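One structure is given here, and the rest of the page talks about it.
Taken together, the values in this text are just the output of simple stated rules run on the coordinates, not laboratory data. Since the model is a prediction, treat every value here as computed from it, not as a measurement. Neighbour counts run over all protein chains shown; Cβ positions are idealised from the backbone, glycine included.
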Amino acid sequence: MVEPVPETSRKHLTPPNVIQGQTAPATIMEPRQSYNRVFELLETHQKWFANSLPLIASENIPSPAVREALLSDFGNRYAEGWTGERVYAGCKYIDQVEQICIDLAKQLFNVDFADVRPISGVCANLVAYTTFTTPGDTILALAIPAGGHISMGKKEFGGTAGAVRGLNVEYLPFDTEEMNIDIDATEKKIKKLSDEDKKPTLAMLGGSVLPFPHPVKQLADTFQESDTRICFDAAHVAGLIAGTEFQDPLHEGADAMTASTHKTLPGPQGGLILSKPEHGEKIKKSTFPGNVSNHHLHHLAGKAVMFAEMLAFGKEYASQIVKNSRALAAALHERGFQVLGEKKGFTRSHLLVADITKFGDGKTIEKKLEDANIILNRNLLPYDIKADKSSSQRRGCSQDCEPRFRVSKRLPESPLRIRDQQRRLHLHSHPISLELNQTSNRTVKARPHQPYYPLH
Ligand SMILES: Cc1ncc(COP(=O)(O)O)c(C=O)c1O
């Protein structure tokens with residue numbers, strides 16, 4: 001039996017009432033009260049989301065099997081380095097899971113090199129910067145209003161490329177009519193930068209607002225001629241690429257592709273980098289020791305489970321996401337919303353962008369919708385100048401796809417499977433611990449144990 005931890009007389013400042021993002025004045029709570037309050041808030045959040053329409057394009061919900069992997073003892077362990085070359089002991093099973101994860105990622109994306117250790121999409125981009133650039137180099141990327149991400153941003157905006165890696169970020173020209181990179185203007189810009197002795201060493205394509213495929217194939221020769229590496233940031237669209245519903249950057253000429261594992265890929269929060277085989281060794285070193293120490297091994301296991309699910313059902317899943325997104329775009333358009341990209345069918349990805357300036361500004365409308373339990377995010381448009389006056393809303397359709405549920409149902413039953421939110425909510429009052437089960441072919445089983453604080 002685990003002894004309850006004695007409560008101390010130390011006071012903690014914890015805000016007790018948080019209602020839909022509003023924090024009440026801090027009051028002093030005992031640790032026990034804070035502990036209970038955390039679980040209350042988790043439960044309240046859970047109920048709210050269960051009764052809401054979450055449409056944030058960066059989010060997804062992993063299957064119960066992925067969540068099961070997240071609860072495993074892997075989350076308590078360390079395994080720096082590459083499989084079989086660890087800095088820590090105790091990795092013999094972790095190594096096997098990581099190897100399976102790598103193999104599945106390679107198979108899913110039909111590539112020869114995968115590093116599944118980056119712990120987020122931003123981290124994967126940092127790995128790409130470390131691999132392909134030296135501080136002081138010039139890179140090309142989209143500006144944020146044109147769909148770029150802050151991890152590709154300039155130093156003056158605190159962007160990862162500029163502020164962390166010390167890169168000089170030049171913007172890719174953008175065609176607002178087409179909602180895409182302007183190919184001719186990009187070719188001219190590369191020439192101009194080369195003439196000015198600022199030849200870009202890396203072009204970051206892909207981005208956060210990506211309704212249509214980027215012209216990787218069309219620009220590949222131009223980039224190659226100027227010795228500019230191409231990295232496609234597929235943080236958002238990786239699941240669609242895996243399901244062959246979107247462009248396939250690595251087979252169109254990109255040198256590398258980075259991704260989050262939790263947007264259109266329905267995995268745990270994490271990152272991933274894939275590349276042509278010749279960049280593999282350098283990428284490995286850029287990840288560890290460059291940008292990751294321990295790589296969150298429970299997430300690694302979750303990624304492996306998700307890749308297996310995607311191999312089995314990813315095509316159907318991705319196709320359904322895009323159908324949903326196009327149907328939502330068409331329905332909004334019919335109801336008078338100015339959904340961008342009309343000429344091209346609004347979207348070919350999981351997200352759509354609507355200019356909502358006739359109703360008000362993005363921030364106010366985002367709040368009104370949140371009050372109505374519709375959760376989506378405001379977004380800048382290419383013609384937005386001020387960061388706080390966003391004119392659009394981005395809606396994502398990854399969280400409401402029927403095939404996702406089928407993915408999880410078809411996987412084998414397991415004692416830790418969390419079938420519904422009810423069960424998840426009760427974890428705090430009946431905490432589980434995991435132990436190795438020697439007698440069955442299952443590796444883990446659940447067993448109730450004493451909570452830290454006696455709760456009843
Ligand atoms: C294009 C792009 N890259 C990178 C990221 C960062 O991903 P993560 O949150 O996994 O670090 C995002 C996040 O939304 C993104 O949109």
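Quick rundown of the values:
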{"read-out": "Kirkwood-Stokes translational diffusion coefficient of region 181-307, alpha-carbon pairs, 10 °C, 1.306 mPa s, µm²/s", "value": "101 µm²/s"}
{"read-out": "Cβ-placed point charges (K, R +1; D, E -1), dipole of region 66-309 about Cα centre in debye, nearest 20", "value": "760 debye"}
{"read-out": "Gain in span if fully extended, K358 to K92, counting 0.36 nm per residue against the direct Cα distance", "value": "89.8 nm"}
{"read-out": "Computed over region 83-233, Kirkwood Rh from alpha-carbon pairs, angstrom", "value": "16.8 Å"}
{"read-out": "Computed over region 296-375, Cα set: Rg, Dmax in Å", "value": "17.0, 47"}
{"read-out": "Sorted peptide list for 250-258, 56-64, 285-293, criterion being average Cβ within 10 angstrom, highest first", "value": "250-258, 56-64, 285-293"}
{"read-out": "Reachable lysines from K106, criterion Cα separation under 24 angstrom, eight or more residues apart if same chain", "value": "K92, K217, K263, K276, K282, K284, K285, K303, K315"}
{"read-out": "Candidate lysines for bridging to K344, where Cα separation is under 18 Å - those fewer than 8 sequence places away on the same chain excluded", "value": "K323"}
{"read-out": "Dipole of region 66-309, positive end: most advanced residue of T176, C123, I230 [Cβ charges, Cα centre]", "value": "C123"}
{"read-out": "Whole-Hz ³J(HN,Hα) from phi, Karplus 6.51 cos²θ - 1.76 cosθ + 1.60, for region 53-68, glycine and proline x", "value": "10, x, 10, 6, 5, 7, 9, 7, 10, x, 5, x, 5, 5, 5, 5"}
{"read-out": "Ranked packing of 316-322, 106-112, most packed first, by mean Cβ within 10 Å", "value": "316-322, 106-112"}
{"read-out": "Calculated from backbone phi, Karplus (6.51, -1.76, 1.60) coupling profile of region 128-133 in Hz, x at Gly/Pro", "value": "5, 4, 5, 6, 9, 9"}
{"read-out": "Signed unit charges on C-beta, dipole axis of region 66-309, positive-most listed residue M204, F74, A163", "value": "F74"}
{"read-out": "Distant-in-sequence amide H partners of I374 (H built 1.01 Å from N, under 5 Å)", "value": "L53"}
{"read-out": "Simple label model, 7 Å out from Cα along Cβ direction - F157 to K192, nm", "value": "1.8 nm"}
{"read-out": "Dipole magnitude of region 129-273, debye to nearest 20 (Cβ charges: Lys/Arg +1, Asp/Glu -1, about Cα centre)", "value": "520 debye"}
